[in-house]
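Report on one structure; see the data block that follows.
The values are calculated or read from the model by the stated rules, or taken from the named source; none is laboratory data. It should be emphasised that the depicted structure is a prediction, and the values quoted were computed from it without experimental measurement. Please note: Cβ atoms are built from the backbone with ideal geometry, for glycine as well, and neighbour counts cover all protein chains shown. Keep in mind that these areas ignore ligands, DNA and RNA; they rest on the heavy atoms of the full protein, side chains included. Shrake-Rupley method; radii C 1.70, N 1.55, O 1.52, S 1.80 Å.
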Amino acid sequence: MADGDLIARAVSGVNAVPAEAWDAVAGPDNPFVSHAFLAALEDSGSVGPGTGWSPSPIVIEDARGTLLGALPAYLKGHSQGEYVFDHAWADAWHRAGGHYYPKLQIAAPFTPATGPRLLLSDEAYASPLLRAAESLCLQNDLSSAHATFIEPAQRNLFERAGWLLRNDIQFHWHNRGYESFEEFLGDLSSRKRKDLRKERARAQDGVEIRHLSGRAIRPEHWDAFWVFYQDTGARKWGQPYLTREAFDLFGERMGERVLLILAYEDGAPIAGALNFIGADALYGRYWGCTVDRPFLHFELCYYQAIDAAIERGLERVEAGAQGGHKLARGYAPVQTWSAHWIADQGFREAVADYLQREREGVAQDSLYLAARTPFRKG
């Protein structure tokens, strides 16, 4: 597609774009849209043939071939690994005689963390990029395009382009300038402070916890975490999304943006949590264990993440999708956003009506949850 002096095209993967050019439009803040992360998914076989995630990034360039913007996009043959659930939409479209798949997914695969989805050198290129995504759908008989976990600053760019907005709730921890975990506990009600201290004490009893990043993460650490990840993946998704090689590539290519927290008992690793470090947030991604210990999940995934965020001066911890149990542990409800473009006008109108009704329910849930945080009132 050409737009004046601009050229938009789909490429075979982020590896088709020089890393320096991709990262120039992606920016340094969010690890999940970096060339290193997305290329690691491709090179490890976590996305690509046989996965239902076919890399198809859309790029926009000037006449000299300078990259001005990009969409991390995938042709999808299913709705797995997205965490914004559209199975009911797919079922309704199929019952009406249509084909919902394939569709176009604009996302960081398997990653329910907020971030930029329009990677731009200038906001002026947002509209041409989204028109290119729509054209790709029309030219290839794709039912729809979906951008998930959009950072709040980009919502208006999708809305101005006429995409439908959808919201949901996650639980994030917010750093109010704390210098320690104890200072954070001071903001909680007395009963909640006692509860959290008891949980931490029980989880840490007889356990050594190590934080590893960069070159400190060795192959044996990834081997241990792979066992944990496989166990969790088998129970949650049927099979893990990431391959074993993906973890090696994360360590090799972006190890300083990785925080691996491992728990040891009698010198052997028994549990672990994998986090990625952004410019202003710590993103909790995967967890697993081989020994069931009370509260160890909360300790590694939530409390140790808070410790790490305070130590690094980060603004928040995003601990992943779902999980109302995070509320009692100081993680507050926040709204997350996705944007959707649907080719068929009738189906689009039906989805728009559904989203309006869904938003009303989400708003009520947000008010209910916000009133039940563990923080001191008044």
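Numbers for the structure displayed
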item	result
By average C-beta atoms within 10 angstrom, highest first, the peptides 89-101, 262-274	262-274, 89-101
Label point distance in nm, residue 191-residue 315, each placed 7 Å from Cα along Cα→Cβ	3.3 nm
Reciprocal mean inverse distance between Cα atoms of segment 118-227 - Kirkwood radius, Å	19.7 Å
Using alpha-carbon coordinates, inclination of helix 190-204 to the longest axis of the chain, degrees	90 degrees
Simple label model, 7 Å out from Cα along Cβ direction - residue 159 to residue 367, nm	2.0 nm
Nearest-ten-degree value, helix 345-370 long axis tilted from longest Cα axis of the chain	20 degrees
Surface share of carbon and sulfur [accessible, 1.4 angstrom probe, percent] for segment 54-193	48 percent
Helix-only mean residue ellipticity at 222 nm for the chain, each DSSP H run of n ≥ 4 adding -39500 (n - 2.57), per residue, nearest 500	-10500 deg cm²/dmol
Spherically averaged projected area in nm², based on the convex hull that wraps the Cα atoms of the chain	19.2 nm²
Theoretical FRET efficiency, 1/(1+(r/R0)^6), r = Cβ-Cβ of residue 266 and residue 322, R0 51 Å, to 0.05	0.95
Fully extended contour minus Cα-Cα distance, from residue 141 to residue 19, at 0.36 nm per residue	40.9 nm
Highest-first arrangement of 211-217, 76-82, where packing means the average Cβ count within 10 Å	76-82, 211-217
Nearby lysines by direct alpha-carbon distance to residue 76 (threshold 25 angstrom, same-chain neighbours under 8 apart not counted)	103, 236
Per residue solvent-accessible surface (Å²) - segment 1-84, probe of 1.4 Å	37 Å²
Burial ranking of peptide ranges 108-116, 202-210, 162-170 (average Cβ count within 10 Å, highest at the top)	108-116, 162-170, 202-210
Accessible area expressed per residue, segment 144-214, with surrounding protein chains retained (probe 1.4 Å, Å²)	48 Å²
Bridge type composition, the chain - antiparallel percent by DSSP, nearest 5	90 percent
Where labels lie 7 Å past Cα in the beta-carbon direction, separation of residue 78 and residue 232 in nm	2.0 nm
